[in-house]
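Undergrad: Here you go, one structure.
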Amino acid sequence: VKMAFLDDDIKLPESSYAQVGPEDDEENMDIYGEGQFTDAFFRTLMRVQNNVVNLPGGKEYFDIYLAKKIYPVLVPGLESLSKEVERLMQDDDKIDSAIKERFNPCIYLAEFLMSNNPKYGHQKEYTEIFEKYARIERNRRFWSEQRQVFLKEFMGQSYQSNFTIQHISEFVDFIDKYLEAEGTIKDSIVVKEAFSFLEEDEVITFDKFYEVFSKSLLDSEKIAYDEVFEKAEEQKRKREIEKFKKKTDRLI
């Protein structure tokens, strides 16, 4: 079955995994969708959130790879298998018992996956469901990885010890400019609505601010996340080069 729907050049041995992803976060289940169907499969994806798989041209979190490439065809395959098993069990008089005895669920599923290979398209319903998961998870992990960067910048602000709703817009604007998002981050969050639980002079911690701020942007269509990712990666490389230069200068 694995060979029917996994790309031949995808390497999946356990040794290729690295525990570098974010921790499982089941309290965010509501952002993916509602219902028993979505909950069951998203919980399965969450179990491998920390695994990284080697792909041609780079690496990807295993759950995001599954959501984008595998689940859109695997899920309808499992549904089809379930219906076929139910049909064989119920039609006692219409189906020859020999056919039932020869039925192999693994072969049935493999044949389904071969004829519905994810390389050549899948059912739109499932594609949209799992594309949303992959999109939100990529964005969530981006904000998680950037947290320490912005915490450091926050600690250098004059209002860091008295951070109220009056300062939030200013700091959001700072984040937008830092990531060179061209106003798309600032335009994607309505501060008064997102932080409506705050009193006018109530102080909010950075942790709480960042939790609310990042969660409100997870599925924003205004932000060109691919461009933001690329610019953030370039900034990270520059910081690492600068850090290395400082170390070598001290040695010299």
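The values are calculated or read from the model by the stated rules, or taken from the named source; none is laboratory data. In this text the structure is predicted, and so the values were computed from the model without any measurement. Positions of Cβ are backbone-derived with ideal geometry, glycine not excepted, and every protein chain shown enters the neighbour counts.
Undergrad: With the stretch 14-121 as the region, which helices (runs of 4 or more DSSP H) entirely inside it contain at least 1 residues that are among the aromatic types (Phe, Trp, Tyr) and at pLDDT 55 or above?
TA: Fully inside the stretch 14-121 and qualifying: 36-46, 62-65, 71-90, 105-115.
Undergrad: Please indicate, with yes or no, whether at least one residue in the stretch 158-180 is surrounded by fewer than 11 Cβ atoms within 10 Å (Cβ to Cβ), of a type outside the set (Gly, Ala, Ser) and within 25 Å of the chain's Cα centre (by Cα).
TA: Checked against the condition, which is being surrounded by fewer than 11 Cβ atoms within 10 Å (Cβ to Cβ), of a type outside the set (Gly, Ala, Ser) and within 25 Å of the chain's Cα centre (by Cα), the stretch 158-180 yields no hits at all.
Residues are listed down the side, and each one gets a yes or a no for (1) among the aliphatic types (A, V, I, L, M); (2) at pLDDT 95 or above; (3) part of a helix (DSSP H, G or I); (4) in contact with a strand residue (DSSP E or B) (Cβ under 8 Å, 6 or more places away or on another chain):
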| site | (1), (2), (3), (4) |
| --- | --- |
| GLN146 | no, no, yes, no |
| VAL149 | yes, no, yes, no |
| PHE163 | no, yes, no, no |
| ASP173 | no, yes, yes, no |
| LYS177 | no, no, yes, no |
| GLU182 | no, no, no, no |
| LYS186 | no, no, yes, no |
| GLU200 | no, no, no, no |
| VAL203 | yes, yes, no, no |
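Undergrad: Determine the pairs where a residue that is outside the structural domain of PHE42 (by TED's automatic domain parsing) and of a type in the set (D, E, K, R), located within the stretch 130-142, has a partner that is modelled with pLDDT under 90 and in a helix (DSSP H, G or I) with Cβ atoms under 7 Å apart, the partner being 6 or more residues away or on another chain.
TA: GLU131/LYS68; GLU137/ASP63; GLU137/ILE64; ARG138/ILE64
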